[in-house]
Amino acid sequence: MLVEKITSRQNPLVKRFRRVRTMGERQHIFLEGVRLIEDAIQAGAHFESVAFTSELESNERGAALLDVLLRSVQCRGALVSKQVMEAIVDTQTPQGVAALVSRPYHELDDIFSADPDLLVIADELQDPGNLGAIIRTAEAAGASGLITTRYTVDPFNDKAIRASMGSALRLPITTGTSRLDVATRCREHKIRIIASRAPTTTTQEGAESTEDQVTSSAYYDVDMTVPTALIVGREATGVSELWAANADGFAHIPMSDGVESLNVAAAASILLYEAARQRGFEFKPGRFLKPEAVRP
């Protein structure tokens, strides 16, 4: 890595870091902090630029990371002042390193051609922290991949990446898909669609609806040993009518009286780990696809 020294906040590279961080460039993603950049190296990400301060070498882990970057990563490097780094990042206490890497890219067909046995479908989620947490749990629980539908927050924005703790760089993810296209692929690949929902819904007379009695089961009674796609819906409204019409079943999480719903990331965690439990926590090694660089 060739290194230049930058002292001005108005330097074009500094402006570019900020532009990527605020999602001004679709083909790259912004990473900040030692842990995320270590994860990116291990995931084989393509680095475009790295900015670091002299403080990065003040601890053993930071010094080791800088040594790897200087020796093994072929990209543009910049030694910047603490003030310039504060202009680049969006955290209160910067760790002294940030990077721009190529955005991982997977087509919808890539996800399904890998014979997935456990998928997560994030349907119009709006909170990047929730989506990042779901991505992290999906990887930990052995999911084959994650799909976001249109109008879902970008899983590669700065906050979502941080919340995923690097899982977004490893778990196959495809974004902005049509609900109908996903439902069609699930049917073609014989993947059972399970939608999450509140424990019960009631009619105006207060009785449970016939549909709920027939199709909604407690999450631990849903068979997730077969290929399964778990759908979690928008924080405020839940799964869409299209998913309700196309689901093979509904899973609810029993809750005490007075509690209407769980945080969507918490609900997804319960469902994913129930699937892992039913499968005996037998995680498949080497199940992840190698991402392609994003298309310009």
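The values are calculated or read from the model by the stated rules, or taken from the named source; none is laboratory data. Predicted model, so just to flag it, every value in this text is computed and none were measured. Every residue, glycine as well, gets a Cβ built from its backbone with ideal geometry; the counts of neighbours run over all protein chains shown.
Could you tell me which numbered condition residue 74 fails, if it satisfies all but one of (1) surrounded by fewer than 17 Cβ atoms within 10 Å (Cβ to Cβ); (2) closer than 30 Å to residue 178 by Cα?
Exception for residue 74: condition (2).
Check 98, 133 and return the single one that is touching a strand residue (DSSP E or B) at 6+ places or on another chain (Cβ under 8 Å) and modelled with pLDDT of 95 or more. If you could, list the steps in order and put the result at the bottom.
Details: 133 fails: touching a strand residue (DSSP E or B) at 6+ places or on another chain (Cβ under 8 Å).
After ruling out the rest, the residue left standing is 98.
If you check residue 108 against the conditions, is it among the aliphatic types (A, V, I, L, M), touching a residue at least 40 places away in the same chain (Cβ under 8 Å) and touching a Gly at 6+ places or on another chain (Cβ under 7 Å)?
Numbers: among the aliphatic types (A, V, I, L, M): yes; touching a residue at least 40 places away in the same chain (Cβ under 8 Å): yes; touching a Gly at 6+ places or on another chain (Cβ under 7 Å): no.
Answer is no for this residue.
Return a yes/no flag: does segment 108-127 have any residue that is under 9 Å from the mean Cα position of the chain (by Cα), buried (at least 21 other Cβ atoms within 10 Å of the Cβ), in a helix (DSSP H, G or I) and not charged (D, E, K, R). Step through it out loud before you land on a result.
Taking segment 108-127 as the starting set, the residues that turn out to be under 9 Å from the mean Cα position of the chain (by Cα) are none.
Checked segment 108-127: no residue is under 9 Å from the mean Cα position of the chain (by Cα), buried (at least 21 other Cβ atoms within 10 Å of the Cβ), in a helix (DSSP H, G or I) and not charged (D, E, K, R).
How many residues are β-branched (Val, Ile, Thr) and in contact with a helix residue (DSSP H, G or I) (Cβ under 8 Å, 6 or more places away or on another chain) if we restrict to segment 163-190?
First pass over segment 163-190, keeping only residues β-branched (Val, Ile, Thr): 173-175, 177, 182, 184.
From what's left, in contact with a helix residue (DSSP H, G or I) (Cβ under 8 Å, 6 or more places away or on another chain): 173-174, 177, 182.
Going through segment 163-190 one residue at a time, the tally reaches 4.
I'm trying to understand the selection: among the residues of segment 5-34, which are assigned to a strand (DSSP E or B) and either out of contact with any helix residue (DSSP H, G or I) (no Cβ under 8 Å at 6 or more places or on another chain) or closer than 14 Å to residue 103 by Cα (or both)? Before you say what the answer is, go through the steps one by one.
The initial filter retains those residues of segment 5-34 that are assigned to a strand (DSSP E or B), namely 5-6, 28-32.
Answer for segment 5-34, where residues must be assigned to a strand (DSSP E or B) and either out of contact with any helix residue (DSSP H, G or I) (no Cβ under 8 Å at 6 or more places or on another chain) or closer than 14 Å to residue 103 by Cα (or both): 5, 28, 29, 30, 31.
Filter segment 213-268 for residues that are within 28 Å of residue 281 (Cβ to Cβ) and acidic (Asp, Glu) and give the result.
Once the filter is applied, which keeps residues that are within 28 Å of residue 281 (Cβ to Cβ) and acidic (Asp, Glu), segment 213-268 yields 221, 223, 248.
Looking only at segment 247-269, how many residues end up being closer than 26 Å to residue 128 by Cα and buried (at least 16 other Cβ atoms within 10 Å of the Cβ)?
11
Condition check: buried (at least 16 other Cβ atoms within 10 Å of the Cβ), free of Cβ contacts under 8 Å to residues at least 24 places away in the same chain and outside the structural domain of residue 182 (by TED's automatic domain parsing). Does residue 86 satisfy that?
Values: buried (at least 16 other Cβ atoms within 10 Å of the Cβ): yes; free of Cβ contacts under 8 Å to residues at least 24 places away in the same chain: yes; outside the structural domain of residue 182 (by TED's automatic domain parsing): yes.
Considered against the rule, which asks whether it is buried (at least 16 other Cβ atoms within 10 Å of the Cβ), free of Cβ contacts under 8 Å to residues at least 24 places away in the same chain and outside the structural domain of residue 182 (by TED's automatic domain parsing), residue 86 comes out as yes.
Does segment 128-167 hold any residues that are touching a Phe, Trp or Tyr at 6+ places or on another chain (Cβ under 6 Å) and in a helix (DSSP H, G or I), and which are they? I'd like the intermediate steps shown before the answer.
Our first condition is that a residue be touching a Phe, Trp or Tyr at 6+ places or on another chain (Cβ under 6 Å); within segment 128-167, this holds for 141-142, 158.
Once the filter is applied, which keeps residues that are touching a Phe, Trp or Tyr at 6+ places or on another chain (Cβ under 6 Å) and in a helix (DSSP H, G or I), segment 128-167 yields only 158.
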